[in-house]
Structures are given as structure tokens and as C-alpha cells.
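The values are calculated or read from the model by the stated rules, or taken from the named source; none is laboratory data. These numbers come from a predicted model, not from an experiment. Cβ coordinates were reconstructed from backbone atoms using ideal geometry, including for glycine residues, and neighbour counts include every protein chain displayed. Only protein heavy atoms, including side chains, enter the accessible area calculation; ligands, DNA and RNA are left aside. Shrake-Rupley method; radii C 1.70, N 1.55, O 1.52, S 1.80 Å.
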Amino acid sequence: TIEYLLKKSAKVVLLTHINRPGGRVVEAQRITSTAARLSELLQHEVKPLASCIGSGVQESIRQMKDGDVVFLENLRFHGEEEANDDVFAQQLAKLGDIYVNDAFSNSHRSHASMVGIPKHLPSYSGFLLEKEIRTLTAALEKPRRPFVVVLGGAKVSDKIGVIRNLGSKADKILIGGAMMFTFYRSRGFDVGSSKFEPDKVSLADDLLNEFGSRIVLPVDVVASDRFANDAKTQVVAAGEIPKGWMGLDIGPDSVSRFSKELSEARTIIWNSPLGVFELFRFGEGTAAIARAISGMTGQATTIIGGGDTLSAVEKAGLTGKFSHSSTGGGAMLEVLEGKTLPGVAALL
């Protein structure tokens, strides 16, 4: 999007946020190094500004020539950004003639830079945002079948909306990550010291009853006596985790079962790792499923997303081996839940 605008000799004013400074200036979270790296990638000077609003910023923008790029300071240095303060949004809107949202990964947030500015300027989608929405929407509305969804992560509560929405759309939902233990508990399994959500056991039971065989749980896990790479490990059946031990990855039989489901799929969506991939002793399940999904690219539409998913894929040396790698985690999940993102709705 930036390159397109530069070819059209536009004056480009960039807005972003970095981390969560909580409405105060944090020196380590300034955009200076980001602007420098972007200059290298674009092979074009990107000038960082010391603030994002105020007379100094306005003067810098007045002096811009066609084809210039300036980068406003971290928007989250101002609490008004996350509060969606309209006065703040108007101050930002005064800095340009046209607003372009290309931040899919932040479009699920009702912040001033997402939903406030479009109230005051003609507003459009950038190419990345358009691609994300078109790709995910097409997969949900007109998937080639079988349509298989792979969900990992720690909490059922994070994925309730996704499971409910996709339970009636997908042919199979393969469950991994720590949230599988909440499902196990709903079926009366002893999960040892494995992490689970006691207050969501009843909900997990409801989901299994509602969607039946569409939800596929791991049949075995890699259990450990400690949360460490040098811990003792053993592969055990799903309902046979020893007392005091915890499940930290899906087991080899589960990998085989999941891989078979994936080998028959023609649309695959994957969000969140299936084990504690950060520890090499417990990353094989996630890596194996990553290999299985990447191996289907070409035969199937393969869509992956979420920051940890992309990290796991990079660790497995499979970056770029999928039909689409989403830049959003929370935003992707909300699209999978069937929601319209606030940042997208603001453009309509």
C-alpha cells in the first residue's frame, strides 16, 4: 500500500502503535527504529516525528513534498487513542486528506485511529486489509470441502465464539493446546496437573454434545513431571495422565489422526499452537501439524494465523508455505466468530 501511494506521488503520513505504554511516553517504545527499518525495506527515507499531534507535527506535514513519508510517534503514548477520544481523532484527521486502514491486526479494536478518524475523512481499505477480509470471508462462506479447522491455545474461553460459529460450518474441528484438558475434564478424565479452566468444563461439555463427532480431541498427550526442557516425559492416553504430571503436547497417535483428517481436507484454517512449542521437548506436535498443513498447500486452501502460530511455523522452517498467513491474531479470531471488525465497519 505504501509503495502504491509513493508511485502515485502521494504524501504519506504513517500511524501505528507499539506495545502497551498505557498512555505515557516510554522511550523504548518509540517508533524511531521502526521508521529506520521501514526506510531500508522501502529504500526510501521515512522521517520519524517526535509526536503524533500538535503544531510541530502539523508544520512538519505542511513542509512535505510529493513522495515524502513521515512516521507519527507511537499513538499509544496518548491514552485518548485506546479511549477512542473524538477530539484526538479529529487532531489526527487534520494531518491528512484521505485515511487508509491497512492494519488488519488492530481492526478488532475500537480505537481512535481505527474508528475515530474515518468519521472525519474519506476512508478506504489498504491492500493488506482487503486481502485478509476477502480470504477469510471466502473460506468461511464458500469453503471447498472437506473444511477442517485446527484450534490450539490455552483457553476454551478464547475460542468459544469460533467453535460455535464454525461448528455448523466446518466438517471437523481439531482441538489441541491446553484447552483440550477442559474438554477432557468435561468427559470425566483425570488430567493430572494439566492446565484447564474449571469454570468452563460445563461449557466444553455443551460444545461436545452440540457438535458431536465434528469436534476431534487428541487421543494421547506428551506428559511431563515439570514445565521444563529437562523434565521427565512419557506419552500417555488422553485419560491416563499420571497424578502430578501435566500434558504439554499432543502425542504421536493424535498427530497421525489429525494428519489423516488434514490429508482429506480442501480448506484448512489453523489458529494457535497445539502444545508448548516454546520448549523444544514439547514442540513436535505443533511442528508435525504445521508440516501436514503446509504439505496440503496446492491441493487445499491453507490459512494460518495468530502470533504464536506464525512463530511456531517460523521455528519449523515453514514460513511462506501456506496459501495465506494472517497478520492478525485477535482480529482473525473475531472474523472466524462471524463478527464484523469495528475498523472495517468504520470504512463502510
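Between helix 127-141 and the chain, what is the angle of the helix's C-alpha long axis to the longest principal axis, kept within 0 to 90° and rounded to the nearest 10? That helix lies at roughly 30 degrees to the long axis. Once Rh for region 154-199 is found with the Kirkwood sum over Cα pairs, what is the Stokes-Einstein diffusion coefficient at 10 °C and 1.306 mPa s, in µm²/s? In µm²/s, the coefficient rounds to 141. Between 173, 61, 304, the residue with the greatest mean-square fluctuation in the GNM of the chain (Cα pairs under 10 Å linked by springs) is 61. With respect to the chain, whose longest principal axis is taken over its alpha-carbon atoms, helix 32-42 is tilted by about 90°. Spatially, region 322-338 and region 178-192 are offset by 27 Å when compared through their Cα centroids. Only helices enter this figure: runs of n ≥ 4 DSSP H residues, each worth -39500 (n - 2.57), summed and divided by the residues of the chain, yield -10000 deg cm²/dmol at 222 nm to the nearest 500. The Stokes-Einstein estimate for region 61-186, based on a Kirkwood radius over Cα pairs and taken at 25 °C with 0.890 mPa s viscosity, is a diffusion coefficient of 137 µm²/s. Binning all Cα-Cα separations of region 1-89 at 10 Å, short to long from zero, yields these whole-percent fractions: 17, 46, 31, 6. Protection proxy ranking of 37-49, 3-15, by the mean of other Cβ atoms within 10 Å over each peptide's residues and highest first, is 3-15, 37-49. Stokes-Einstein diffusion for region 223-267 at 10 °C, viscosity 1.306 mPa s, with a Kirkwood radius from C-alpha pairs, works out to 132 µm²/s.
How much length is gained if the chain between residue 47 and residue 5 is pulled fully straight, taking 0.36 nm per residue apart and subtracting their Cα-Cα distance, in nm to one decimal? Difference between extended and current length: 13.5 nm. Per-residue Karplus couplings for region 159-175, computed as 6.51 cos²θ - 1.76 cosθ + 1.60 with θ equal to phi - 60°, are listed in order as 10, 4, x, 5, 5, 5, 6, 8, x, 9, 9, 7, 7, 9, 10, 8, 9 Hz, Gly and Pro entered as x. Using the Cβ-Cβ distance between residue 278 and residue 85 with R0 set to 56 Å, the FRET efficiency works out to roughly 0.90. Note on the chain: with charges restricted to the Cβ of Lys and Arg (+1) and Asp and Glu (-1), its dipole about the Cα centre is near 560 debye.
Along the axis of the charge dipole computed for the chain (Cβ charges of +1 for Lys and Arg, -1 for Asp and Glu, origin at the Cα centre), the listed residues 61, 336, 263 are led at the positive end by 263. Within the accessible area of the chain, the carbon and sulfur atoms contribute 49%, probe 1.4 Å, all protein chains present.
Projected label points at residue 299 and residue 263, each 7 Å from Cα along the beta carbon direction, are separated by 0.8 nanometres.
Placing a pseudo-label 7 Å from each Cα along the Cα-to-Cβ vector at residue 127 and residue 110 gives an inter-label distance of 3.3 nm.
Full extension of the chain segment joining residue 137 with residue 66 gains 22.0 nm, where the gain is 0.36 nm per residue of separation less the Cα-Cα distance. When the Cα positions of 83, 103, 93 are compared along the charge dipole of region 48-105, 93 comes out farthest toward the positive end, with charges on each C-beta of Lys, Arg, Asp and Glu.
What do you get for Rg/Rh over region 210-348 if you use C-alpha atoms and the Kirkwood form of Rh? Checking Rg against Rh, the ratio lands at 1.02. Amide H contacts for residue 174 (H built 1.01 Å from N in the peptide plane; partners 5 or more residues away or on another chain; cut-off under 5 Å): 149, 150, 151, 216.
The amide H of residue 71, built 1.01 Å from its N in the peptide plane, has 14, 47, 49 as neighbours under 5 Å, considering only residues 5 or more places off or on other chains.
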